[in-house]
Amino acid sequence: QVQLVESGGGLVQAGGSLRLSCAASRRTFSIINMGWFRQAPGKGREFVAAIRWSGGSTYYADSVKGRFTISRANAKVYLQMNSLKPEDTAVYYCAASDGVVLTSNPEQFDYWGQGTQVTVSS
């Protein structure tokens, strides 16, 4: 099955930037879409952004539109996060889907990474 490994999290001040990376391996030919989700303490998993593995189409949550950019190069997916806010603090997860629809529904994603912590201080 697909294996996903995230990196790039850390502590940053409000207004700063971070870039998360997600390396995909094993059976990557089965991936149709990739997504980033996040989960803050005491909250459910929230959609952040998604991209077609083949490139082109992207999809963003309203809360990050204009600040975050998802991209793909080779077997990696990136999340460039600019103008970070304290409310962006969460564990960020990379996910892969073999479904046809580019979706924000976490239940449609089949494979998940272990997560990387992003903390934004005010």
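The values are calculated or read from the model by the stated rules, or taken from the named source; none is laboratory data. Worth saying up front: this structure is predicted, and the values here are computed from it rather than measured. Virtual Cβ from ideal backbone geometry, glycine too; neighbours counted across all protein chains shown. To get the accessible areas, we keep the full protein, side chains included, count just its heavy atoms, and leave off ligands, DNA and RNA. Shrake-Rupley method; radii C 1.70, N 1.55, O 1.52, S 1.80 Å.
Among SER71, GLY113, SER30, whose Cα sits farthest toward the positive end of the charge dipole of the chain (+1 at Cβ of Lys/Arg, -1 at Cβ of Asp/Glu, about the Cα centre)?
SER71
Could you state the number of Å between the C-alpha centres of segment 89-122 and segment 1-18?
11 Å
Just to confirm the filter: which trypsin sites (Lys or Arg not before Pro) across segment 35-101 are DSSP coil and have at most 11 other Cβ within 10 angstrom of their Cβ?
Values: sites: ARG38, LYS43, ARG45, ARG52, LYS65, ARG67, ARG72, LYS76; in loops: LYS43, ARG45, LYS65, ARG67.
Those that pass, being in a loop and sparsely packed, are LYS43, LYS65.
Determine the gain in length on full extension of the stretch GLN117-VAL101; use 0.36 nm per residue of separation and subtract their C-alpha separation, reporting nm with one decimal.
Values: separation 16, 0.36 × 16 = 5.76 nm, distance 2.79 nm.
So the extension gain works out to 3.0 nm.
Can you give me the long-range amide H partners of LEU84? Hydrogens built in the peptide plane at 1.01 Å from N, cutoff under 5 Å, separation of 5 or more residues or another chain.
Distant-sequence amide H within range of LEU84: GLY15, GLY16.
In whole percent, and with a 1.4 Å probe on the protein chains, what portion of the accessible area of segment 12-62 is carbon and sulfur? Please list the in-between numbers first.
Working: 1190 of 2620 Å².
Looking at segment 12-62 in its full context, I get 46 percent from C and S.
When only Cα pairs under 8 Å and 6 or more residues apart are kept, what is the percent relative contact order across the chain?
Details: 307 pairs, mean separation 43.8, N = 122.
Across the chain, relative contact order equals 36 percent.
In debye to the nearest 20, how big a dipole does segment 1-102 give about its Cα centre with +1 on each Lys and Arg Cβ and -1 on each Asp and Glu Cβ? Show your work: numbers first, answer last.
Details: 12 positive and 6 negative charges, 36 e Å.
For this selection, approximately 180 debye.
So if R0 is 30 Å, what FRET efficiency would ARG19 and SER54 give, r being the distance between their Cβ atoms, rounded to the nearest 0.05?
On the way: r = 22 Å, r/R0 = 0.73.
The calculated FRET efficiency here is 0.85.
Can you tell me what percent of all Cα-Cα pairs in the chain are more than 23 Å apart?
Details: 1579 of 7381 pairs.
Across the chain, Cα pairs with separations above 23 Å total 21 percent.
Return the sequence-ordered ³J(HN,Hα) values of segment 14-20 in whole Hz as given by the Karplus equation 6.51 cos²θ - 1.76 cosθ + 1.60 applied to θ = phi - 60°, using x for Gly and Pro.
Rounded to whole hertz, the list is 3, x, x, 10, 9, 10, 8.
Need one value: the accessible area of ARG19 in square angstrom, 1.4 angstrom probe, rounded to the nearest 10.
Taking all protein chains as shown, ARG19 has close to 130 Å².
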